[in-house]
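Following: one structure in structure tokens, then a few remarks.
The values are calculated or read from the model by the stated rules, or taken from the named source; none is laboratory data. Because the structure is a prediction, the values reported are computed rather than measured. Using ideal geometry, Cβ is built from the backbone for each residue, glycine included, and neighbour counts are taken over all protein chains shown. Protein only, heavy atoms only, side chains kept; ligands, DNA and RNA dropped before computing areas. Shrake-Rupley method; radii C 1.70, N 1.55, O 1.52, S 1.80 Å.
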Amino acid sequence: MIWDAVVLSRLQFAFTVGFHILFPTFTIGLASFLMVLEASWIKTGKPVYLQLFRFWSRIFALGFGVGVVTGVVLSYQFGTNFGPFTAATANVLGPLLGYEVLTAFFLEAGFIGVMLFGLERVGPRQHFIATCCVAVGTVISAFWILSANSWMQTPAGFHLIDGKFHVSNWLEAIFNPSFPYRFAHMVLAAYMTAAFMVLGVHAWYMLRGEHPDFARKGLALALLMAAITAPLQAVIGDVHGQNSFAHQPMKVAAIEGRWETMAGAPLLLFALPNQKEARNEAEIGIPKLASLILTHDADGVVPGLDQVEAKDRPPVAIVFFAFRLMVGCGTALLVLAGWGVYLAWRRKLYDNRLFLRAAIAAVPLGFIATISGWTVAEVGRQPWTVYKLMRTSDSVSHVTAGEVSFSLALFVLVYGCLLMALVYYMLRMIVQGPKAIHENEEVLVGREMAARPPVQGDDA
């Protein structure tokens, strides 16, 4: 591989977006979790829900802040490193990203202050509305970002004039062929990542015997969220794969490590793809299973990478292994959720130390699966920035490899320091544990409970 400006620009964008995506993924899921916690507190008046809300809202604020800072950088790179791409697609992507700021970021930024600091000033019910606005804002933000990215994967609703894309139908551009599946897949990934993060932290408290009521309630709610989202993600992931097979068959061919078009294609569990010789060095597969999954026919024809010239093929090894890493992490999380549900059914959830240790070990898996999935989506799209319409090599600005190397090194240094600071403060918050409920907040609970009849039989 030649480390020219094109490769280095791609590497820099991959590094910065890979770092950034960790935080929206976590905060999208956690914002909805906070909404459930506050609704439970208002409904029951039990202080433990407010304690959970207070604890996780502090961690949310930390992740949200870093996510905003690292997200701003991405837009600048479009101008500095990908000028020709920006000039060609500005009529499409500019408005989509602008809508994200107008409808989502302002909603989040406008209400997050109320959510974090306004409880004693606006009252529980108004405060809950602010929390809902923040949660909805995170999902709307994902909507527009995924719409823009999906348009690059499966462009629609446009016409080309003098090398520039112009929108001819906004509905077709926004709801392009891959968008619904990609959006659902990403939002579920966010919910899963947050659920298993919360599960692991509360499992840690359970093992240490600290904050027992707080730990048990958080563990149960996180497990419920994981048990709902993990099976759904398996279904959506399969549907998303079918969509990619229909619209981006070469990406699927790279995922499958399939160099030749064939009927009755096996599902490769392991292979060593050799891009130069267009073959696999070694293979372990299950006969006909790939055809059965992709075409619903054991003898169905699966297109291989031989359908296109070598210069139009994505880097197969990266896509092949990233996909298996994503599926492996997702499968492990699905099994863990099922195990937890079984233990809860047997009323042994809080006593099984092996499960609690597994829950702690699973905390990084959601993040790893998300980055792996993003790698599959973006590297599998290569060598195109706009699929089959604009090549990556034609999208990069006239910058030198030295200039990009310098900025990349700077990003690695700054982001490395940022990550260390984030991990330090997040671990510090977790070790400190939940704070006691403030006296004024107890008064608020009392007012809320006095304002309505008591809830019967609520022992959640």
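Key figures for this structure:
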| quantity | calculated |
| --- | --- |
| Failed item, numbered, when N91 is tested on (1) more than 28 Å from R391 (Cβ to Cβ); (2) touching a residue at least 60 places away in the same chain (Cβ under 8 Å); (3) more than 18 Å from the chain's Cα centre (by Cα) | (1) |
| Some residue of the stretch 111-122 being open to solvent by 30 Å² or more (accessible area, probe 1.4 Å), of a type in the set (F, W, Y) and closer than 30 Å to P47 by Cα | yes |
| Sole residue being without any contact (Cβ under 8 Å) to a residue 60 or more places away in the chain, crowded, with 19+ Cβ neighbours inside 10 Å and in contact with a strand residue (DSSP E or B) (Cβ under 7 Å, 6 or more places away or on another chain), chosen from A322, A290, A317 | A290 |
| Residues located in the stretch 271-285, provided they are open to solvent by 80 Å² or more (accessible area, probe 1.4 Å), part of a strand (DSSP E or B) and not hydrophobic (A, V, I, L, M, F, W, C) | R279, E281, E283 |
| Residue in the stretch 432-441 that is among the acidic types (D, E), assigned to a helix (DSSP H, G or I) and modelled with pLDDT under 90 present | yes |
| Condition met for V341 (touching a residue at least 60 places away in the same chain (Cβ under 8 Å), over 16 Å from M197 (Cβ atoms) and open to solvent by 50 Å² or more (accessible area, probe 1.4 Å)) | yes |
| Members of the stretch 30-57 that are over 18 Å from M429 (Cβ atoms), in a helix (DSSP H, G or I) and out of contact with any Asp or Glu (no Cβ under 6 Å at 6 or more places or on another chain) | S32, M35, V36, E38, A39, S40, W41, I42, K43, P47, Y49 |
| Of the criteria (1) at pLDDT below 90; (2) open to solvent by less than 60 Å² (accessible area, probe 1.4 Å), which one A358 fails | (1) |
| Which listed residue is aliphatic (A, V, I, L, M) and crowded, with 17+ Cβ neighbours inside 10 Å, from V92, V69, V101 | V92 |
| Filter result for V36 (touching a strand residue (DSSP E or B) at 6+ places or on another chain (Cβ under 7 Å), on the phi < 0 side of the Ramachandran plot and at pLDDT 90 or above) | no |
| Cross-chain or 6+ apart pairs with Cβ under 6 Å, the stretch 207-219 first and farther than 19 Å from V363 by Cβ, then at pLDDT 90 or above | D213/V48 |
| Complete set of residues in the stretch 217-232 that are of a type outside the set (V, I, T) and under 14 Å from V341 (Cα atoms) | L219, A220, L221, A222, L223, L224, M225, A226, A227, A230, P231 |
| Residue that is surrounded by fewer than 18 Cβ atoms within 10 Å (Cβ to Cβ) and in contact with a Phe, Trp or Tyr (Cβ under 8 Å, 6 or more places away or on another chain), where the choices are V412, V399 | V412 |
| Enumeration of residues in the stretch 361-389 that are in a loop (DSSP other than H, G, I, E, B) and crowded, with 22+ Cβ neighbours inside 10 Å | G380, R381 |
| Residues that are farther than 16 Å from I360 by Cβ, of a type in the set (A, V, I, L, M) and open to solvent by less than 40 Å² (accessible area, probe 1.4 Å), drawn from the stretch 221-243 | L221, M225, A227, A230 |
| Yes/no for R182 being under 29 Å from V316 (Cα atoms) and of a type in the set (D, E, K, R) | yes |
| Members of the stretch 45-82 that are touching a His at 6+ places or on another chain (Cβ under 8 Å) and not hydroxyl-bearing (S, T, Y) | G67, G71, V73, L74 |
